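As structure tokens, the structure follows; a few thoughts come after it.
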Amino acid sequence: MLPRLKNLNKLAFERKNGINKKIVFSPNTDGNHFLSLHLYEGVPGEEIKLDTEVGDEIIVVINGSLKVNINDVEYHVKKDMSILLPSGASYQLIIEGGEPLKAFVIGCEQCILASDLKKEFESVTE
């Protein structure tokens, strides 16, 4: 696979789970092997509804701030901070403060271990 260069301004937003998201890199769209990189943007008050993480995910806040509820514990992630959402954790994100949010989300849902965990999770929830 060759290196890929992308202009973030040319990528289209999609509305996903309550927030604007740009898929920068993903195994599903770029053929890379494991990692995904998404850009989330939104305004205070918007939220990502309750979800469960399949693989580890890291959120890096570039601008604005987030309230992150992980397994009923609340964290406040501000500009220049990051948080790890561990695999299997139930979480909710709420944009807070007075500034728009810009955050990168790095994930590995295509990793072999994450795929095995996803199968196990799906069999338990069915």
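Read-outs: derived from the displayed coordinates by stated rules, not from any lab. Worth saying up front: this structure is predicted, and the values here are computed from it rather than measured. Please note: Cβ atoms are built from the backbone with ideal geometry, for glycine as well, and neighbour counts cover all protein chains shown.
For this structure, a couple of remarks:
- Spacing of the modelled spin labels on Asp80 and Ile62, each 7 Å from Cα toward Cβ, amounts to 1.7 nm.
- For trypsin sites (Lys or Arg not before Pro), the sites in region 1-45 that DSSP calls loop and that have at most 10 other Cβ atoms within 10 Å are Arg4.
- Were the residues from Val43 through Lys102 laid out at 0.36 nm apart, the gain over their Cα-Cα distance would be 20.3 nm.
- Residues Asp80, Asp56 arranged by fewest to most Cβ contacts within 10 Å: Asp80, Asp56
- Counting neighbouring Cβ atoms within 10 Å and putting the fewest first, the residues Thr52, Thr29 line up as Thr29, Thr52.
- Potential lengthening between Phe25 and Leu2 on full extension [0.36 nm per residue; Cα-Cα distance subtracted]: 7.0 nm
- Ordering Ser90, Asn32, Val68 by the projection of their Cα atoms onto the charge dipole of region 9-94, which places +1 on the Cβ of Lys and Arg and -1 on the Cβ of Asp and Glu, puts Asn32 at the extreme positive end.
- Once both labels are positioned 7 Å from their Cα atoms along Cα-to-Cβ, the gap between Gln92 and His33 label points is 3.9 nm.
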